[in-house]
Each structure stands twice: as structure tokens, then as C-alpha cells.
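Trainee: Sharing a structure with you now.
The values are calculated or read from the model by the stated rules, or taken from the named source; none is laboratory data. Being a predicted model, the structure only gives us computed values, none of them experimental. So basically every Cβ, Gly included, is an ideal-geometry build from the backbone, and we count neighbours across all protein chains shown. Ligands, DNA and RNA are excluded from the accessible area calculation, which covers all protein heavy atoms including side chains. Shrake-Rupley method; radii C 1.70, N 1.55, O 1.52, S 1.80 Å.
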Amino acid sequence: QVQMVESGGGLVQAGGSLRLSCAASGRTFSSYAMGWFRQPPGKEREFVAAISWSGGSTYYADSVKGRFTISRDNAKKTVYLRMNSLKPEDTAVYYCAAARYTTGTHSYEYDYWGQGTQVTVSS
């Protein structure tokens, strides 16, 4: 089992940057693919980025490609989401998630979820 706690969210102006962190517990963190999802106000949860267990493969939603970077440090049991050139439409609660079997882009492929961290981008 993996438990995760996100941090790093906050209020930022458009064009600014934030780095989200997701600290995990559990001895098998390095065997899980990790993903970031977000839920904008009044909308459904959507995929943002994912990274394989080794870090060798990464995937991004088209809306964040070129602006966001996902990375992981298995020794620290932490996954990161670097967000640059933020836009008001990036405003959402951001969740990290762990998947045992696949580096997926759908929420149903993930087994464990954090509690979320709010990101608000002002125009």
C-alpha cells in the first residue's frame, strides 16, 4: 500500500511557476507508476502527467505539454510536478496517484490517491 501527501500548491499570477511535491510512504514506492491529475472548479478530474516506475517514460496532457514537467526521486519516495507559464485555466485541485500495473492516463488505472493540493492562478 502507498500513502501520499501533496504539497506546494498556492496562489500564483499568470505566467508564474510552482513545483508540486508528492511524498509517499510504503516500501514499494519505486515499483509504482505515478501520475498527477487535477480537478478544476465545477469540472471532472482530468489527467495531467504520468511517469513510469523507473522515470524512463513520461506522458503529458496536450494542455500542459511543454509547460509542465513530471519527475521522481525513488530514494526520497517523492514525485514532483514542475509547472511553468501557468494560466488561469490551470486553476484546480491537483492530486497525485499511484498505479501498480501501468503508466496510465485514466484515473481508473490508479490504485492510491493523495488528498490534493489547491493551485490558483490569477489573471
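Trainee: On the basis of being free of Cβ contacts under 8 Å to residues at least 24 places away in the same chain and surrounded by fewer than 20 Cβ atoms within 10 Å (Cβ to Cβ), does Arg27 make the cut?
Mentor: Yes: the conditions hold for Arg27.
Trainee: For residues that are β-branched (Val, Ile, Thr) and more than 11 Å from the chain's Cα centre (by Cα), scanning just region 48-70, find the one that is most open to solvent (accessible area, probe 1.4 Å).
Mentor: It comes out as Thr58.
Trainee: Any idea which of (1) assigned to a loop (DSSP other than H, G, I, E, B); (2) of a type outside the set (Gly, Ala, Ser); (3) out of contact with any Phe, Trp or Tyr (no Cβ under 9 Å at 6 or more places or on another chain) is the one Trp53 doesn't satisfy?
Mentor: Exception for Trp53: condition (3).
Trainee: So, in region 20-41, of the ones that are in a helix (DSSP H, G or I) and not hydrophobic (A, V, I, L, M, F, W, C), which residue ends up nearest to Lys76 (Cα to Cα)?
Mentor: Ser30
Trainee: Something else: Being modelled with pLDDT of 95 or more and of a type in the set (S, T, N, Q) narrows it down to one residue among Ser54, Ser25, Ser85, Ser30; which is it?
Mentor: Exactly one residue qualifies, and that residue is Ser85.
Trainee: May I ask you to verify whether Arg45 is modelled with pLDDT of 95 or more, open to solvent by 50 Å² or more (accessible area, probe 1.4 Å), over 10 Å from the mean Cα position of the chain (by Cα) and not aliphatic (A, V, I, L, M)?
Mentor: Yes; evaluated as a whole, the condition is true for this residue.
Trainee: Tally up the residues in region 40-70 that are in contact (Cβ under 8 Å) with a residue 12 or more places away in the chain and at positive phi, please.
Mentor: 1
Trainee: Considering only region 71-117, how many residues are within 16 Å of Ser17 (Cβ to Cβ), assigned to a strand (DSSP E or B) and open to solvent by 40 Å² or more (accessible area, probe 1.4 Å)?
Mentor: The qualifying residues number 2.
Trainee: How do the pairs read when you match residues in region 1-13 that are within 15 Å of Tyr32 (Cβ to Cβ) with residues anywhere that are of a type in the set (Val, Ile, Thr), using Cβ under 8 Å and keeping only pairs 6 or more apart or on different chains?
Mentor: Listed by first residue and then by second, the contacts come to Val2/Thr28.
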